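Structure first, commentary second.
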Amino acid sequence: MTAEDARAIARAFAPKQPWGNRWDYYYTLLKLRSDPLYPGVLDALRGTTAPVLDMGCGLGLLAHALRHDGQSMPYRGVDNDAAKIRRGHSVATRSALENTGFERVDLATTVPKHRGSVAILDVLQYLPAPAQQALLEQAAAMLDDGSRLVMRMALADRSRRGRISRLGDRAANLIGWMQFRPRHYPDADTLRAQLQRAGLSVTFTPLYGNTPFNNWLLVAQRTG
Ligand SMILES: C[S@@+](CC[C@H](N)C(=O)[O-])C[C@H]1O[C@@H](n2cnc3c(N)ncnc32)[C@H](O)[C@@H]1O
């Protein structure tokens with residue numbers, strides 16, 4: 001993402017007072033500048049109009065990226081981290097982002113009701129394998145014609161990238177940015193087979209850019 005676009009999006013997370021906490025601003029700026037996640041997800045959703053449910057939304061950065069990209073579909077973000085939901089909601093309200101909502105939900109036990117597109121970005125590995133399966137089954141059932149399931153995740157494999165992803169997730173937990181430790185890294189064949197059984201076509205593309213991580217983008221939609 002260009003420096004200009006990244007700054008324009010991240011600015012929403014800067015404190016209103018010069019002495020305020022700038023952590024969320026620098027985190028979002030660095031993420032937007034260094035990680036191809038959002039350009040990849042924006043490309044995958046561009047042209048769709050169905051509401052987006054962002055499962056494990058964190059600060060709701062996707063909502064800001066969508067609006068900056070001119071994508072105005074309704075957006076709802078859910079996450080089990082109450083502090084992130086509170087900050088995400090407050091920044092979206094302050095930024096007058098229309099048609100957005102935030103809610104605290106633990107996806108390990110509850111999957112919200114929804115019809116439309118679904119985003120699951122860098123979240124899957126925090127759920128145990130059975131909860132991942134249940135989440136994907138319900139996410140697949142949410143898709144209408146014309147909506148998409150867009151996921152980014154580190155895949156389980158023995159590559160150097162795979163090892164670095166696992167270390168990065170552990171470090172995020174140790175420094176307190178992530179409240180929880182990763183539980184299970186999915187593999188591409190299992191994900192593809194499950195979503196195809198649910199009647200979806202599935203594409204995988206690498207989405208690590210210049211980062212050292214083993215991140216892949218999965219886009220699925222209803223066939224026929
Ligand atoms: C690496 S962050 C990704 C945030 C956001 N999707 C993004 O790409 O910027 C992972 C997010 O998943 C959330 N998460 C982890 N386990 C969860 C659960 N059981 N239910 C809901 N959210 C969860 C975390 O709180 C965190 O905000």
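Within the span defined as region 196-217, one or more residues are in a helix (DSSP H, G or I) and free of Cβ contacts under 8 Å to residues at least 60 places away in the same chain. Scanning region 63-114 for residues that are in a loop (DSSP other than H, G, I, E, B), of a type outside the set (Lys, Arg), away from the ligand (no atom under 15 Å from the Cβ) and more than 14 Å from Asp24 (Cβ to Cβ) yields Asp69, Gly70, Gln71, Ser72, Met73, Pro74, Ala96, Leu97, Glu98, Asn99.
For the condition over 17 Å from Leu195 (Cα atoms) and without any contact (Cβ under 8 Å) to a residue 24 or more places away in the chain, Ala82 qualifies.
Condition check ((1) modelled with pLDDT under 95; (2) over 28 Å from Ile175 (Cα atoms)) across all residues:
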{"residue": "Tyr25", "(1), (2)": "yes, no"}
{"residue": "Asp35", "(1), (2)": "yes, no"}
{"residue": "Pro39", "(1), (2)": "no, no"}
{"residue": "Met55", "(1), (2)": "no, no"}
{"residue": "Ala63", "(1), (2)": "no, no"}
{"residue": "Arg86", "(1), (2)": "no, no"}
{"residue": "Val91", "(1), (2)": "no, no"}
{"residue": "Leu97", "(1), (2)": "no, yes"}
{"residue": "Arg104", "(1), (2)": "no, no"}
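Could you look through region 115-149, keep only residues that are at positive phi and surrounded by 15 or more Cβ atoms within 10 Å (Cβ to Cβ), and pick out the one that is farthest from the chain's Cα centre (by Cα)? For region 115-149, the residue satisfying everything is Gly116. Every test in (1) within 22 Å of Leu53 (Cβ to Cβ); (2) in contact with a Gly (Cβ under 9 Å, 6 or more places away or on another chain) is passed by Ala198 save one, and that test is (2). Could you list, in sequence order, all residues of region 52-73 that are touching a residue at least 40 places away in the same chain (Cβ under 8 Å) and in contact with a strand residue (DSSP E or B) (Cβ under 7 Å, 6 or more places away or on another chain)? Scanning region 52-73 gives Val52, Leu53, Asp54, Met55, Gly56, Cys57, Gly60, Leu62, Met73.
Quick check: is even one residue across region 180-187 crowded, with 19+ Cβ neighbours inside 10 Å, under 16 Å from the mean Cα position of the chain (by Cα) and more than 19 Å from Ala44 (Cα to Cα)? There is at least one residue in region 180-187 that is crowded, with 19+ Cβ neighbours inside 10 Å, under 16 Å from the mean Cα position of the chain (by Cα) and more than 19 Å from Ala44 (Cα to Cα). The listed residues are Lys31, Lys16, and the only one of them that is assigned to a helix (DSSP H, G or I) and of a type in the set (Lys, Arg) turns out to be Lys31. From the list Ala129, Ala154, the lone residue that is within 15 Å of the ligand (Cβ to nearest atom) and in contact with a His (Cβ under 6 Å, 6 or more places away or on another chain) is Ala129.
For region 120-162, the set of residues classified as in a helix (DSSP H, G or I) and of a type in the set (Asp, Glu) consists of Glu137 only.
The values are calculated or read from the model by the stated rules, or taken from the named source; none is laboratory data. Values in this document were obtained by computation on a predicted structure and should not be read as measured data. Virtual Cβ from ideal backbone geometry, glycine too; neighbours counted across all protein chains shown.
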